[in-house]
Amino acid sequence: MTVTHHVRVYKSEEELPREQQLAWKIAEVATDPVEVEPEVVDMIINRIIDNASVAAASLNRGPIVAARAQALSHPVSTGGSGSSIFGLASSGAEAQQSSPEWAAWANGVAVRELDYHDTFLAAEYSHPGDNIPPILAVAQHVGTDGRALVRGIATGYEIQMDLVRSICLHKHKIDHVAHIGPSAAAGIGTLLGLDAETIYQAVGQGLHTTTATRQSRKGEISTWKAHAPAFAGKMAVEAVDRAMRGQTSPSPIYEGEDGVIAWMLDGPDASYDVPLPAKGEAKRAILDSYTKEHSAEYQAQAWIDLARKLHHERPELADPANITAIVLHTSHHTHYVIGSGANDPQKYDPQASRETLDHSIPYIFAVALQDGGWHHVDSYAPERAGRADTVALWHRITTAEDAEWTRRYHSEDPDEKAFGGRVEIELANGERIVEEIAVADAHPLGARPFARENYIAKFRLLAEPVLEPAEIERFLELVQRLPELTADEVRELNIVAAPGVIDLAAAPKGLF
């Protein structure tokens, strides 16, 4: 049965034994030899496919080109065989690999760039699939098999999602990737079979080095949005390396008088109740996460589906001349983060960056209402954002917080937890349209829940323009045998671009 750990701030003169610290409790979960259940294994396979899908679609986008060039500037380190980089060969005469921390960096950026992989929303936001690149990179470098990789990923998901359930970061303007440092470090610890003391030190360093402000997701959102989780994964790899060499960490990192809770979160009088699996309890958190059918912020997924439905049922709604106002009544998070409650004028700016438009639900709803769908490239194109009728419709859309949708957003009952809301549309002729949606169509409780065939279809859709057919089939066959893969096969758990897709010589130059 899950154990709830009460976590509070301790003054320096108060005794807090190491074994009672949250970082140690996390390490104990990571060292628990409990087996990974079959349905969890299946979902881990789904999420590796999902990550590869969005990475394939990102291979020539600016942040990935730059991150890949940085990784290739760092040769394979001496402690292992190196790690693969999305798009490049993992073996043979054309192999181009990097050291694990830099491969984690490059692949983490590729996975995150399009904001198109899995999500878990609770007290905090998260994309738990961000744990996979650093854990996989280390597995490839040191030569662990598929079973060990599965165990490591199960831990990464479990720790990040349990922290997300209980500790809010964004309220204090701390970026959500601060939960990845500890979770990826713990997952790598499980992968390598490290002892609790080493993992404890790595978890502390993983957190200490990854706390940063939320400005990366505010105003004119920059390319750092894609880099931020990759940086956390890279820091986790380095934290594990230091801990394995006997180096220690700030302690207690969560509970200390000058620690994260006291000075970055709810303050010296704060406390949190963090749920973690009991000894011998299976790590099942991944089953509570959900992926994206559309390349947009998760809280926009259900709204895209509702707009798509309205587009087909009421095509006149696409013409701004027919609309007086559209109000999306939704949760606190949606209103204040991607809605008009953010008070970011950039969310209504046709010249805004792709990253900013991705975090503008008024823009997303307008385009989906006009187009009847969403495309990971076309829906963000400058000419699409600048279309006069779109801008007119877009500027008629606002959001409002609704207490009931906020309650459902935070509900611990999976049957009522929701990320949608109610739309109220006032037409120029006086008619009023009211519709609502609770969860995205692809959500486990949605109209068309994602299953293995949907993950494979998403992979084919995004990979076909950049991978050869034989490479698509090779990857899909390999990943679906994940628990039985040998160490050599784990090293091939990568996607290789078709000839001519990637031009390494065109990459921007930097310091390295």
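The values are calculated or read from the model by the stated rules, or taken from the named source; none is laboratory data. Only a predicted model underlies this, so the values are computations on that prediction, with no experimental measurement involved. Heads up, the Cβs are rebuilt from the backbone with ideal geometry, glycines too, and the neighbour counts pull from every protein chain shown.
Looking at the range 49-91, which of its residues are of a type outside the set (A, V, I, L, M), in a helix (DSSP H, G or I) and under 23 Å from F475 (Cα atoms)?
Listed by number, the residues that qualify are D50, N51, S53, R68.
Considering only residues that are in a helix (DSSP H, G or I), surrounded by 21 or more Cβ atoms within 10 Å (Cβ to Cβ) and not hydrophobic (A, V, I, L, M, F, W, C), which ones fall in the range 210-227? Show your work before the answer.
Initial filter on the range 210-227 (in a helix (DSSP H, G or I)): 214-217, 224-227.
Filter once more, keeping what is surrounded by 21 or more Cβ atoms within 10 Å (Cβ to Cβ): 217, 225-227.
Once the filter is applied, which keeps residues that are in a helix (DSSP H, G or I), surrounded by 21 or more Cβ atoms within 10 Å (Cβ to Cβ) and not hydrophobic (A, V, I, L, M, F, W, C), the range 210-227 yields R217, K225, H227.
Mind counting the residues in the range 1-33 that are under 19 Å from R165 (Cβ atoms), in a helix (DSSP H, G or I) and either modelled with pLDDT under 95 or in contact with a strand residue (DSSP E or B) (Cβ under 9 Å, 6 or more places away or on another chain) (or both)?
Residues that pass the stated criteria total 5.
Just need a number here: residues in the range 434-475 that are β-branched (V, I, T), free of Cβ contacts under 8 Å to residues at least 40 places away in the same chain and part of a loop (DSSP other than H, G, I, E, B).
Step one: list which residues in the range 434-475 are β-branched (V, I, T), which gives 434, 437, 439, 456, 466, 472.
When the remaining residues are screened for being free of Cβ contacts under 8 Å to residues at least 40 places away in the same chain, the result is 434, 472.
Next cut, part of a loop (DSSP other than H, G, I, E, B) only: none.
Number of matching residues: 0.
Taking D344 as the residue in question, decide whether it is under 27 Å from E124 (Cα atoms), modelled with pLDDT under 95, more than 22 Å from the chain's Cα centre (by Cα) and of a type outside the set (S, T, N, Q).
Values: under 27 Å from E124 (Cα atoms): yes; modelled with pLDDT under 95: yes; more than 22 Å from the chain's Cα centre (by Cα): yes; of a type outside the set (S, T, N, Q): yes.
Judged against the criteria, D344 is a match.
Could you say which residue among A71, A67, A56 is without any contact (Cβ under 8 Å) to a residue 40 or more places away in the chain, hydrophobic (A, V, I, L, M, F, W, C) and more than 21 Å from A487 (Cα to Cα)? Please lay out each step first, then the result.
On the way: A67 fails: without any contact (Cβ under 8 Å) to a residue 40 or more places away in the chain; A56 fails: without any contact (Cβ under 8 Å) to a residue 40 or more places away in the chain.
Step by step, each of A71, A67, A56 is checked, and only A71 is without any contact (Cβ under 8 Å) to a residue 40 or more places away in the chain, hydrophobic (A, V, I, L, M, F, W, C) and more than 21 Å from A487 (Cα to Cα).
Quick grid of which residues meet (1) assigned to a loop (DSSP other than H, G, I, E, B); (2) of a type outside the set (D, E, K, R):
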{"site": "A230", "(1), (2)": "no, yes"}
{"site": "R242", "(1), (2)": "no, no"}
{"site": "G256", "(1), (2)": "yes, yes"}
{"site": "W263", "(1), (2)": "no, yes"}
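What number of residues in the range 119-163 are among the hydrophobic types (A, V, I, L, M, F, W, C) and in contact with a His (Cβ under 6 Å, 6 or more places away or on another chain)?
Applying the first criterion (among the hydrophobic types (A, V, I, L, M, F, W, C)) to the range 119-163 yields 120-123, 132, 135-139, 142, 148-150, 153-154, 159, 161, 163.
Checking which are in contact with a His (Cβ under 6 Å, 6 or more places away or on another chain) leaves us with 163.
Total satisfying the criteria: 1.
Looking at A56, A27, A66, A71, which one is among the small types (G, A, S) and in contact with a Ser or Thr (Cβ under 7 Å, 6 or more places away or on another chain)?
Details: A56 fails: in contact with a Ser or Thr (Cβ under 7 Å, 6 or more places away or on another chain); A27 fails: in contact with a Ser or Thr (Cβ under 7 Å, 6 or more places away or on another chain); A66 fails: in contact with a Ser or Thr (Cβ under 7 Å, 6 or more places away or on another chain).
When all the criteria are applied, what remains is A71.
Here are some conditions: (1) modelled with pLDDT of 95 or more; (2) at negative phi. S411 meets all but one. Which one does it not meet?
(1)
Find the residue count for the range 265-283, including only residues that are assigned to a loop (DSSP other than H, G, I, E, B) and closer than 30 Å to V9 by Cβ.
Taking the range 265-283 as the starting set, the residues that turn out to be assigned to a loop (DSSP other than H, G, I, E, B) are 265-270, 277-283.
Right, trim to closer than 30 Å to V9 by Cβ and you get 265-270, 277-279, 281, 283.
Final tally of qualifying residues: 11.
Select from the range 136-148 the residues that are over 11 Å from R491 (Cβ atoms) and among the hydrophobic types (A, V, I, L, M, F, W, C) and list them in ascending order.
Within the range 136-148, V138, A148 meet the criteria.
Being part of a helix (DSSP H, G or I) and under 18 Å from the mean Cα position of the chain (by Cα) is the filter here; which residues of the range 102-116 pass it? I'd like the intermediate steps shown before the answer.
Start the filter on the range 102-116 by keeping residues that are part of a helix (DSSP H, G or I), which leaves 102-112.
Once the filter is applied, which keeps residues that are part of a helix (DSSP H, G or I) and under 18 Å from the mean Cα position of the chain (by Cα), the range 102-116 yields A103, A104, W105, A106, N107, G108, V109, A110, V111, R112.
Would you mention how many residues in the range 88-101 are buried (at least 24 other Cβ atoms within 10 Å of the Cβ) and more than 20 Å from the chain's Cα centre (by Cα)?
2
Step by step: first the residues of the range 286-345, then only those that are polar (S, T, N, Q), touching a residue at least 12 places away in the same chain (Cβ under 8 Å) and not in a helix (DSSP H, G or I), then the one that is surrounded by the fewest Cβ atoms within 10 Å (Cβ to Cβ). Which residue is that?
Per the stated criteria, the residue is T324.
Considering E431, E471, E436, which residue is surrounded by 15 or more Cβ atoms within 10 Å (Cβ to Cβ), out of contact with any helix residue (DSSP H, G or I) (no Cβ under 7 Å at 6 or more places or on another chain) and over 30 Å from D145 (Cα atoms)? First the steps, then the outcome.
On the way: E431 fails: surrounded by 15 or more Cβ atoms within 10 Å (Cβ to Cβ); E471 fails: over 30 Å from D145 (Cα atoms).
On inspection, the qualifying residue turns out to be E436.
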